[in-house]
1. Let's test the formula: R0 of 30 Å, r as the Cβ-Cβ distance of residue 94 and residue 243. What FRET efficiency results, to the nearest 0.05?
2. If we sort 67-80, 192-205 on the protection proxy, mean other Cβ atoms within 10 Å, highest first, what's the order?
3. With springs only between Cα atoms under 10 Å apart, run a GNM on the chain and tell me which of 213, 141, 164 wobbles the most.
4. Would you list which aspartates and glutamates come within 12 Å of residue 224, measuring only between C-alpha atoms, while excluding same-chain residues fewer than 8 positions from it?
5. Dividing the Cα convex hull volume of the range 49-105 by residue count, how many Å³ per residue is that?
6. Identify, among 108, 184, 269, the residue whose Cα sits farthest towards the positive end of the charge dipole of the chain, taking +1 on the Cβ of Lys and Arg and -1 on the Cβ of Asp and Glu, with the dipole about the Cα centre.
7. Project the alpha carbons of the range 245-286 onto their principal axes and report the range along each, largest first, in whole Å.
8. Going by Cβ distance under 4.7 Å, what cysteines of the chain have no possible disulfide partner?
Amino acid sequence: MSENQSRHGATKVFNINHSKNMIYLLGGSGYVGQAYQKLLSEKGLPFKNLKRAQLDYTEVETLTEALKKDRPEFLINAAGYTGKPNVDACESDKANCLFGNAVLPARIAEACEATNTPWGHVSSGCIYTGAREDGTEFTEEDAPNFTFRQNNCSFYSGTKALGEEVLDSAKDCYIWRLRIPFDHNESPRNYLTKLMRYQTLLEAENSISQLHEFVAATFACWEKHIAYGKYNVTNPGYVTTSQVVDLILESGVCKKDYAFFSDEREFMSKAAIAPRSNCIMSSAKLAKEGIEMTPVVEAIRTALVAWKAEVSS
Ligand SMILES: NC(=O)c1ccc[n+]([C@@H]2O[C@H](COP(=O)([O-])OP(=O)(O)OC[C@H]3O[C@@H](n4cnc5c(N)ncnc54)[C@H](OP(=O)(O)O)[C@@H]3O)[C@@H](O)[C@H]2O)c1
């Protein structure tokens, strides 16, 4: 193993022979992290699910030492601060939110760079609002427009955008943008559950991500060794809230009268503290690399069919 002085000063760079197939997973206990655990288990790949309580991976030195010892071939960062039950909670816990979403990725980048560990970071599509000026979907070329720079965003979105900025020059790093995850499992974090449970809904247009397709597509980036960089990882197309409600009704999973706010102003005054991101995104860059996701309406229908089958079994 050779050792060089790195541009980080005290940190050294190690040329390491990475062990084949061993994966590091940060934040594996979370909603997205559990989907990665499932994927890696199904693939039969050895992985280490790191938890802060057991190994404080938020400390550069601790993570660097662990990486030097275990030499994983790849690291997945599914750790971050989301705010529960929703992003409004981030407005009153800003230090933790900023740390989890902006400081932590910078620290992981430092540890990965010092050990030559390639890695992927779970970012979010919530750093955009609306569509491009010509009405088309945002691509990875478009600068985020729902950030602290525009002063129009939630604190959560601002920190997620900062998290991408700190990784602008990160080495051997994928930035994967997840957007409103859903699947067939009832969970307060699942978009479909949210629509079925919320008393009143906001009509909006969004690109969204089937959670298990998201984790599979992101891991495929590493498996296929496509170019590092930013990727929108959403199911092709976009849907309105009422379109999804129609699909829920059509499936028979949850029959009720769905009520809608008359507009965003009513939603903000009655149900929210922080502004929400609603946006449409293109996943064409990923598809160009041969990683294709199911068109969004088909993916929702499939999730609802599986949901119904599970409920009635
Ligand atoms: N869920 C969504 O709707 C959604 C949408 C788009 C993007 N994302 C992004 O996906 C990532 C994972 O989200 P998730 O929904 O899986 O979150 P989650 O369920 O809250 O899990 C996140 C995990 O991150 C770890 N963590 C590390 N530092 C943290 C900190 N400062 N504060 C809180 N948790 C911290 C925790 O694991 P340990 O303590 O066990 O280490 C926690 O279990 C986040 O970066 C999030 O921004 C989520």
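The numbers here are math on the coordinates, done by the rules we state, and not lab data. This one's a predicted model, so the numbers in the text were calculated from it and none came from an experiment. Using ideal geometry, Cβ is built from the backbone for each residue, glycine included, and neighbour counts are taken over all protein chains shown.
1. For R0 = 30 Å, the calculated efficiency reads 0.30.
2. 67-80, 192-205
3. Result for the chain, Cα springs under 10 Å: 141 fluctuates most.
4. Those aspartates and glutamates meeting the cut-off are 289.
5. 92
6. 108
7. Largest to smallest, the principal-axis extents are 39, 32, 14 Å.
8. 112, 126, 153, 173, 221, 254, 279
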